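Would you mind keeping the following structure in view while I ask a few things?
The values are calculated or read from the model by the stated rules, or taken from the named source; none is laboratory data. In this text the structure is predicted, and so the values were computed from the model without any measurement. Here the Cβ positions follow ideal geometry from the backbone for every residue, glycine too, while neighbour counts run over all protein chains shown.
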């Protein structure tokens with residue numbers, strides 16, 4: 001029986017690289033995959049999944065209206081799909097995560113989801129929250145705090161003057177100029193959000 005896998009971490013842990021490596025492994029053995037990227041991330045990546053080390057692959061743009069289950073079911077009817085891989089899965093809504101589960105349960109196609117667990121305030125994203133509750137397998141991809149040698153589990157947002165931001169809209173696409181990964185201790189020292 002196919003499973004839903006959730007690979008989660010902070011930024012800069014190699015999620016997109018891991019996704020692209022898994023995709024390559026499937027394709028090397030002649031299997032067929034579908035890659036998805038949420039619309040929120042398209043402006044940064046032009047409809048492709050790109051890793052920081054230069055790997056990339058084209059992906060289907062997933063917006064909030066798309067029924068992921070029906071899309072995969074229709075593609076699978078034309079050509080057997082062996083795996084579904086989704087990047088930046090934190091941007092999915094609860095309904096879409098339920099559709100991801102239906103892909104595994106009803107179509108017997110494994111789904112590998114890669115994303116960030118919490119936002120810059122230490123709060124779960126909707127897609128991540130749903131996957132933490134429903135995924136068959138959870139795997140943390142680790143990276144190191146930028147302030148010490150502990151595991152980074154949190155992310156902070158910086159403004160244009162590199163000052164820590166603790167309020168604002170949850171989704172703001174950016175890279176190392178906008179976000180910094182930290183352990184919980186340094187996250188709280190810089191934000192005071194856990195006091």
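Name the single residue, out of those in region 146-170 being assigned to a loop (DSSP other than H, G, I, E, B) and in contact with a helix residue (DSSP H, G or I) (Cβ under 6 Å, 6 or more places away or on another chain), that is modelled with the lowest pLDDT.
Here the answer is 166.
For region 8-17, which residues satisfy the criterion of being modelled with pLDDT of 95 or more and closer than 11 Å to residue 85 by Cα?
Across region 8-17, there are no qualifying residues.
How many residues does region 18-71 contain that are in contact (Cβ under 8 Å) with a residue 40 or more places away in the chain, assigned to a loop (DSSP other than H, G, I, E, B) and over 15 Å from residue 88 (Cα atoms)?
2
Taking residue 5 as the residue in question, decide whether it is without any contact (Cβ under 8 Å) to a residue 24 or more places away in the chain and under 22 Å from residue 142 (Cα atoms).
no
Can you pull out the residues in region 78-105 that are more than 24 Å from residue 29 (Cα to Cα), in a helix (DSSP H, G or I) and out of contact with any strand residue (DSSP E or B) (no Cβ under 9 Å at 6 or more places or on another chain)?
Of everything in region 78-105, those that are more than 24 Å from residue 29 (Cα to Cα), in a helix (DSSP H, G or I) and out of contact with any strand residue (DSSP E or B) (no Cβ under 9 Å at 6 or more places or on another chain) turn out to be 94, 95, 98, 99, 102.
Which condition breaks for residue 117 when tested against (1) over 25 Å from residue 70 (Cβ atoms); (2) surrounded by fewer than 19 Cβ atoms within 10 Å (Cβ to Cβ); (3) under 14 Å from the mean Cα position of the chain (by Cα)?
Exception for residue 117: condition (2).
Look at residue 132 and say whether it is at negative phi and in a helix (DSSP H, G or I).
It is true that residue 132 is at negative phi and in a helix (DSSP H, G or I).
Something else: From 33, 29, which residue is over 29 Å from residue 122 (Cβ atoms), touching a strand residue (DSSP E or B) at 6+ places or on another chain (Cβ under 7 Å) and either modelled with pLDDT of 95 or more or surrounded by fewer than 13 Cβ atoms within 10 Å (Cβ to Cβ) (or both)?
Just a single option satisfies the conditions, and that option is 33.
List the number of the failed condition for residue 176; all other conditions in (1) part of a loop (DSSP other than H, G, I, E, B); (2) modelled with pLDDT of 90 or more hold.
The failed condition is (2).
In addition: Name the one entry in 45, 23, 70 that is surrounded by fewer than 23 Cβ atoms within 10 Å (Cβ to Cβ), in contact with a strand residue (DSSP E or B) (Cβ under 7 Å, 6 or more places away or on another chain) and at pLDDT 95 or above.
23
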